[in-house]
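Encoded as structure tokens, the structure appears first; notes follow it.
The values are calculated or read from the model by the stated rules, or taken from the named source; none is laboratory data. The structure displayed is predicted, hence computed values, not measured ones. All Cβ positions, glycine included, derive from the backbone under ideal geometry; neighbour counts span all protein chains shown.
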Amino acid sequence: MKLIHIVVVICLLLFASSCRCAEQLQVVEPLDNVALPEFFNMAVFVDKSCYKPGEEIYFTINSAVLPSGTKVRYKHLNNTISEEEINSANWTWKAPGKDFTGYTAEVYKKTDHSETIYAVIGIDVSSDWTKFPRYGFISNFSTSDQSSAKSVISYLNRFHINGLQFYDWHNKHHQPLPLFGGLPAENWRDIGNREISLNTVKSYINEAHKYNMRAMFYDLVYGAWNYAEKEGVKTEWYMYIDNKHTSVDLFLLSNPFISNLFLLDPGNSEWQDYMKSEVATVYRFLDFDGYHMDQLGDRGKRYRYDGSAIDVAASYKLYINSIDNINPVKYNVMNAVAQYGQQAIASSTADFLYSEVWSPWDSYNDLASIIKQNNLMSNNSKNTVLAAYVNYDLGEHKGFFNTPSVLMSDAVIFAFGGSHLELGEHMLCKEYFPNNNLSMKDDLKKNLICYYDFMVAYQNLLRDKGEFNVTNLSCTDGKILLSPWPASCGSVSWFGKKVGTRQVIHLLNFTNSTTMNWRDNKGVQVAPSVIKNATMAFSAEKTVKSVWIASPDLAGGSSVSLSFTQSDDQVRFIVPYLKYWDMIVVEY
């Protein structure tokens, strides 16, 4: 009996061992090259920048005749929710009921042996735009600019821009909306001595609202023009560069600017009350959705009228929270210039974080560091927008943006969960938004749409919390020289992020980069060399259910399932295509 018992035990142990091996060695398909769909990149549009759950979405595609058998499928990440055949350039889809979710619509046709994707577009179903802010700007408000409102806003809608900063729309910084006889003036001059038309400002606000975009009015939190004392601004409210109140902190401006800027203490309660009245006036006459607050960065030690030192950075929280009390349904955001004051801003009632990037934050690594720093400051509760001016020096003269400069910067910003303030009536190259010296080439216009579609479609992996992590990753056939983040020239830099039951791996291609400075002042960056069919391996936590890839550089951002093998903790798969940026997703 004892011998039989021992034999039975051994058999059971061998059976259990074979079961564990079966769990560890999961071969889904033979490892081979991935058949990628053809992509024809027809232009497809939706009628709003974002939608409420259950809202009707209207699609238009610029094709007079769609091939017979054309379908559209709606996907969340790599999962198809539904699909239907379409035979018209116009159709509708009801947004699913889950809030704060990104989707993809793919217009395609399948044959026996291949698939052709004609068009791809991202869809944001979010009831509040500040969850996933995609910020643009408007900077021209003359009477003649009114006719451009429809075309400009329609253009920005294709990039899913859901918030607009109205830059230098106002008259005096301490009295942004001038009144005559208790009513707004029809026209006024901004500080740059440009004509501003009330009707043009209204036209842009109205057009933005048609596309479910939010309109934010811009102003400094502490600026006053010459002779502001005649309009109720008190000497005791200013910031001084000495403790004897002999010299007011001053931002000098030359011709064509029509005034210098005299700076006040943002923490002064009387100044806050003064500005609360002015902000209330703006809201009474203009249908702005919120206040975009600006500052001028770290100006060194500053003093109050009574000689006491001001903690200027800390005072921003006081100012933001004070303004928020005017109308809690309005939005507030504040610029942290070179991250100055961001800690206080992050702990305020500001709805998201906005960083204007200056030295010493000059490398691609610094862009990622700012976003991660902002996540930490806000306890992952507020997403980030970066105002980062690419090809800055080129903007001194007429010319074109360097396409690789822009796409590489956006790849880094988007991969780490930020968005980029860059699009308005033109693309930004300078901190003075009306500067439009640089234009986009056609290849940049085309590719940038794919990048913004991608940011929207995969926002739940890119911008919906998660935890950055490190996993073992290698290229087993030598086609890719890998280096873990931070980025280094001459290699493909990678980093991981755990989002729920998914392990995300980002690949950013710096193999032949000519600079690691994102600003690329002289426009010398080059497009990465394309890498095809590289065999990769990584260490998995447990049994893998699926592996898929998506890239703004591949098939319009469509996700593609990958064959893989798993042996013990090692998972192997082939990356079919890498240009600027790939996102690989492992689902457990």
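All conditions but one from (1) buried (at least 18 other Cβ atoms within 10 Å of the Cβ); (2) free of Cβ contacts under 8 Å to residues at least 60 places away in the same chain apply to ASN212; the one that does not is (2).
Residue count for region 358-381 satisfying the condition of being in a loop (DSSP other than H, G, I, E, B) and without any contact (Cβ under 8 Å) to a residue 40 or more places away in the chain: 6.
Does region 86-118 hold any residues that are among the small types (Gly, Ala, Ser) and modelled with pLDDT under 95, and which are they? Within region 86-118, SER88, ALA89, SER114 qualify.
Among the residues making up region 127-155, those that are buried (at least 19 other Cβ atoms within 10 Å of the Cβ) and either at pLDDT below 95 or over 20 Å from TYR354 (Cα atoms) (or both) are ASN140, PHE141, ASP145, ALA149, VAL152, ILE153.
To keep it simple, each residue is scored yes or no on (1) free of Cβ contacts under 8 Å to residues at least 60 places away in the same chain; (2) part of a strand (DSSP E or B); (3) over 30 Å from ILE57 (Cβ atoms).
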position: ILE196; (1), (2), (3): yes, yes, yes
position: ILE205; (1), (2), (3): no, no, no
position: PHE217; (1), (2), (3): no, yes, no
position: ASN226; (1), (2), (3): yes, no, yes
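Here is a check on your reading of the model: is GLU106 within 30 Å of ARG214 (Cα to Cα), surrounded by 17 or more Cβ atoms within 10 Å (Cβ to Cβ) and not polar (S, T, N, Q)?
Taking the combined requirement at face value, the residue satisfies it.
Per this entry, ASN212 is counted among residues that are farther than 28 Å from TYR238 by Cα, polar (S, T, N, Q) and not in a helix (DSSP H, G or I).
Please report, ordered by residue number, the strands (runs of 3 or more DSSP E) entirely within region 419-517 with at least 1 residues that are among the basic types (Lys, Arg). Reasoning before the result, please.
Numbers: elements: 467-469, 473-475, 482-484, 492-499, 502-509.
Output list reads 492-499, 502-509.
Take the conditions within 19 Å of CYS489 (Cβ to Cβ) and within 20 Å of the chain's Cα centre (by Cα) and apply them to TYR364. Does it pass? The answer is yes for TYR364.
The conditions of being in contact (Cβ under 8 Å) with a residue 40 or more places away in the chain and part of a loop (DSSP other than H, G, I, E, B) are met by PRO528.
A quick yes/no check of all residues on (1) without any contact (Cβ under 8 Å) to a residue 60 or more places away in the chain; (2) closer than 30 Å to LYS244 by Cβ; (3) among the polar types (S, T, N, Q):
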| site | (1), (2), (3) |
| --- | --- |
| GLY300 | yes, yes, no |
| SER315 | yes, yes, yes |
| TYR331 | no, no, no |
| PHE352 | no, no, no |
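Within region 244-303, if we keep just the residues that are outside any loop (DSSP other than H, G, I, E, B) and of a type in the set (S, T, N, Q), the residue that is surrounded by the most Cβ atoms within 10 Å (Cβ to Cβ) turns out to be GLN272. So, of the residues in region 542-588 that are farther than 18 Å from ASP453 by Cα and basic (Lys, Arg), which turns out to be surrounded by the most Cβ atoms within 10 Å (Cβ to Cβ)? So the residue we want is ARG572. Taking (1) of a type outside the set (A, V, I, L, M, F, W, C); (2) surrounded by fewer than 13 Cβ atoms within 10 Å (Cβ to Cβ); (3) assigned by TED's automatic domain parsing to the domain that holds TYR204 in turn, TYR319 satisfies each apart from (2). Evaluated against (1) closer than 26 Å to LEU386 by Cα; (2) among the polar types (S, T, N, Q); (3) in contact (Cβ under 8 Å) with a residue 40 or more places away in the chain, ASN321 falls short on exactly one condition, (3).
The residue that is farthest from VAL282 (Cα to Cα), among those in region 306-357 that are of a type in the set (Ser, Thr, Tyr) and in a loop (DSSP other than H, G, I, E, B), is SER308. Contact annotation: residue pairs with Cβ atoms under 6 Å, 6 or more positions apart or on different chains, pairing a residue in region 541-560 that is within 25 Å of ALA527 (Cβ to Cβ) with a partner that is at pLDDT below 95 and of a type outside the set (A, V, I, L, M, F, W, C), are ALA555/PRO37. Would you confirm, using the coordinates I've provided, whether PHE141 is in the same structural domain as TYR167 (by TED's automatic domain parsing), within 19 Å of the chain's Cα centre (by Cα) and either of a type outside the set (D, E, K, R) or in a strand (DSSP E or B) (or both)? Spelling it out, it is not the case that PHE141 is in the same structural domain as TYR167 (by TED's automatic domain parsing), within 19 Å of the chain's Cα centre (by Cα) and either of a type outside the set (D, E, K, R) or in a strand (DSSP E or B) (or both). Within region 382-401, the set of residues being out of contact with any strand residue (DSSP E or B) (no Cβ under 9 Å at 6 or more places or on another chain) and either under 23 Å from LEU554 (Cα atoms) or in a helix (DSSP H, G or I) (or both) comprises ASP393, GLU396. Looking only at region 501-519, decide whether some residue is surrounded by fewer than 17 Cβ atoms within 10 Å (Cβ to Cβ) and out of contact with any strand residue (DSSP E or B) (no Cβ under 7 Å at 6 or more places or on another chain). Yes, region 501-519 contains a residue that is surrounded by fewer than 17 Cβ atoms within 10 Å (Cβ to Cβ) and out of contact with any strand residue (DSSP E or B) (no Cβ under 7 Å at 6 or more places or on another chain).
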